[in-house]
Amino acid sequence: LDDSSVDSFRTNGVRCSGTYSDRSNSSCSTASSLDLAKMKIGTIITQVSAGLPETAAVLLKDESVADGSVGYKILSSSVNSIADIENDYLDEPIGKVIREYSREKTNMSLSGSGGILSPSLYKGGSRHSTKGTEGDFVLTLADMRTDKDARKYHDEVEKISQWFIEIASCVQVSLSGGLESDGGYWKVLYLFEKHRHGSATKYSLVGYVTLFYRGLKMTVSQAACLPPYQRSGHGTEMLMAAYDVNDSCEILVESPAPAFVALRNRIDYALLSSLIERTQVIPRRFTQPTHLFSIKDSSLPHEVIVQVGSALNITLRQVATAFDVWKLGELEKTIRNTVNSMSIALVNEMIASLEANYRSTVKRTLLKALREDQDELDFDSMEMCDQRKHLEKYFNGAVVRYR
């Protein structure tokens, strides 16, 4: 970082660029008055530091000595010392505790990756160390209909969504009391890091997932994980916890970014694999190699997909995607076994046949998805040759993601 203007940035696997004013439909009251292209780093830090104490601790290279941090200075005008930052931590987590876990933390280098070092990490150690220390984390769930403190807290915290999610807008749950006019309601799953300072315990925000319930569906509306905690498995922990609090609702995701799609697919694949291992819901004959790779269409029958979706509370499309990911693993396993038991000529012929059958099956799944997503791509209006090219490109990209 430096004290120059911010033009655009990219983080958390989500594309972020442009200005607030680009989002004319945003319900956030400050949306039309803030322009990322004209804001200084110090201004940004000052505006978000109250809700995010770690952000206020961003230190930049300087010749002076500030608060014992040799060679760095504190940019935020609202922070005079590291003690001020520590006072911003929460005395207790927001919402009802679901579970706790420990995880190794990565102390990111300020000069190398732009990471933020916690003040407690300065003492007695190298500022640029990449060796991790173990941290304690707490997952909580707040029902915005009944928790007034959570509503007030989230109105402040959700402002960070504009910095990390391209099309995010403020939910502002305090205005609706957590309950929408159509009967839908909001809950928020928070992840906090637990800090121990002597006999006192403090908490700081790591990330959150906003959940909207309506009828028999639960939609993951927003999900954010702060940069110092990314690439450590916390996103998986939060999304898995969201699955656990779905109240038997079908789980949907609103406009997911590519990285979030990959995370969701990985979780659904793990859930489906567990069902198959326990031979539950999916009849065994549909998971044997003789069925998977000996016929042109080895997709699961619709009635089985419906049963799996009901068992896992995921959409029918996600069931089909997770099954295609699982089949790719079985395909590679079958190929390895074939190589060890047949001549080279027969092996090549067999592999070509196996891959052709897998390609045919997966393309059927992808073709259906393309035709359903008419808002993003008018696939049916394309020329036939363009459809084939797009489907082939989509298939190749899918296999890369599945691996």
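Quick one: A241 ticks every box in (1) on the phi < 0 side of the Ramachandran plot; (2) small (G, A, S); (3) open to solvent by 20 Å² or more (accessible area, probe 1.4 Å) except a single one, so which number is it?
Answer for A241: the failing condition is (3).
Inside region 267-291, can you point out the residues that are in contact (Cβ under 8 Å) with a residue 40 or more places away in the chain and either within 16 Å of the chain's Cα centre (by Cα) or closer than 26 Å to M238 by Cα (or both)?
Answer for region 267-291, where residues must be in contact (Cβ under 8 Å) with a residue 40 or more places away in the chain and either within 16 Å of the chain's Cα centre (by Cα) or closer than 26 Å to M238 by Cα (or both): D268, Y269, L271, L272, S273, I276.
Against the conditions (1) in contact with a helix residue (DSSP H, G or I) (Cβ under 9 Å, 6 or more places away or on another chain); (2) modelled with pLDDT of 80 or more, where does S310 fall short? Just the number, please.
Answer for S310: the failing condition is (1).
Can you pull out every residue in region 182-222 that is touching a Leu at 6+ places or on another chain (Cβ under 9 Å), open to solvent by 20 Å² or more (accessible area, probe 1.4 Å) and more than 20 Å from V157 (Cβ to Cβ)?
The one that is touching a Leu at 6+ places or on another chain (Cβ under 9 Å), open to solvent by 20 Å² or more (accessible area, probe 1.4 Å) and more than 20 Å from V157 (Cβ to Cβ): K217.
Is region 223-230 home to any residue that is surrounded by 14 or more Cβ atoms within 10 Å (Cβ to Cβ) and assigned to a loop (DSSP other than H, G, I, E, B)?
Yes - at least one qualifying residue is present in region 223-230.
Report yes if some residue within region 330-345 is open to solvent by less than 60 Å² (accessible area, probe 1.4 Å), at pLDDT below 90 and within 19 Å of L366 (Cβ to Cβ); otherwise report no.
Scanning region 330-345, I find at least one residue that is open to solvent by less than 60 Å² (accessible area, probe 1.4 Å), at pLDDT below 90 and within 19 Å of L366 (Cβ to Cβ), so the answer is yes.
Would you mention how many residues in region 231-251 are assigned to a helix (DSSP H, G or I) and among the small types (G, A, S)? Spell out the reasoning first.
Residues of region 231-251 assigned to a helix (DSSP H, G or I): 234-244.
Restricting the remaining residues to those that are among the small types (G, A, S) gives 235, 241-242.
Of the residues in region 231-251, 3 are assigned to a helix (DSSP H, G or I) and among the small types (G, A, S).
Tally time: how many residues in region 91-105 are surrounded by fewer than 17 Cβ atoms within 10 Å (Cβ to Cβ) and either farther than 28 Å from D143 by Cβ or at pLDDT below 90 (or both)?
2
Could you please find all residues in region 130-175 being touching a residue at least 60 places away in the same chain (Cβ under 8 Å), within 17 Å of Y89 (Cα to Cα) and open to solvent by 60 Å² or more (accessible area, probe 1.4 Å)?
Hit for region 130-175 is E156, nothing else.
The values are calculated or read from the model by the stated rules, or taken from the named source; none is laboratory data. Everything numeric in this text was worked out from a predicted model, so none of it was measured. All Cβ positions, glycine included, derive from the backbone under ideal geometry; neighbour counts span all protein chains shown. Accessible surface is based on the protein model in full, side chains and every heavy atom, while ligands, DNA and RNA are left aside. Shrake-Rupley method; radii C 1.70, N 1.55, O 1.52, S 1.80 Å.
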